[in-house]
Amino acid sequence: MSRNSKILSGIFSFLPILSAFVIIIMVLTMIPQFAYWDHTEPDFFTVWNTMWPLVIVAIITAVLKLAALIYFIVHMINNKLVQGGERVIWVLVFIFTGGIGFPIYWYMRIWKEEI
């Protein structure tokens, strides 16, 4: 794998985490609006106009995480340096760490790999 491909896959490995932080920031900026709604009864369109950016970013995040999961599982299966028992552990790490396992795998198995 070339250095540029390694860098691109590294960026791809951090995108689910980055987009999760964007979702957190979006929710935190919506708190004043939620506090205002506590005193009024908003209609559906008012709520939707406030929430649609969050919904779009959440969908993009889910798609990015699924794409990263597929990419890293396929890479791990094709990587001859990863042995049988370790493959099961990596799949479990990918599934249960919520995206944190992607950068760890990228650093350990892609970035440090000899060109």
**Fill in**
Restricting attention to segment 77-110, the residues that are farther than 14 Å from S9 by Cβ, in contact (Cβ under 8 Å) with a residue 60 or more places away in the chain and of a type in the set (F, W, Y) number exactly 0
**Message:** Any residue that is within 25 Å of I70 (Cα to Cα), out of contact with any Phe, Trp or Tyr (no Cβ under 7 Å at 6 or more places or on another chain) and basic (K, R) - is there at least one of those in segment 2-13?
**Reply:** yes
**Asked** Does F14 fit the bill of being of a type outside the set (S, T, Y), surrounded by 11 or more Cβ atoms within 10 Å (Cβ to Cβ) and within 24 Å of W111 (Cα to Cα)?
**Response** yes
**Request:** Could you list, in sequence order, all residues of segment 51-73 that are out of contact with any Ser or Thr (no Cβ under 8 Å at 6 or more places or on another chain) and over 16 Å from I104 (Cα atoms)?
**Result:** M51, W52, P53, L54, V55, I56, A58, I59, A62, V63, L66, A67
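Each value in this text was obtained by applying a stated rule to the coordinates, not by laboratory testing. The model shown is predicted, which means the values in this text are computed figures rather than measured ones. In this analysis, Cβ positions are derived from the backbone assuming ideal geometry, glycine residues included, and neighbour counts consider all displayed protein chains.
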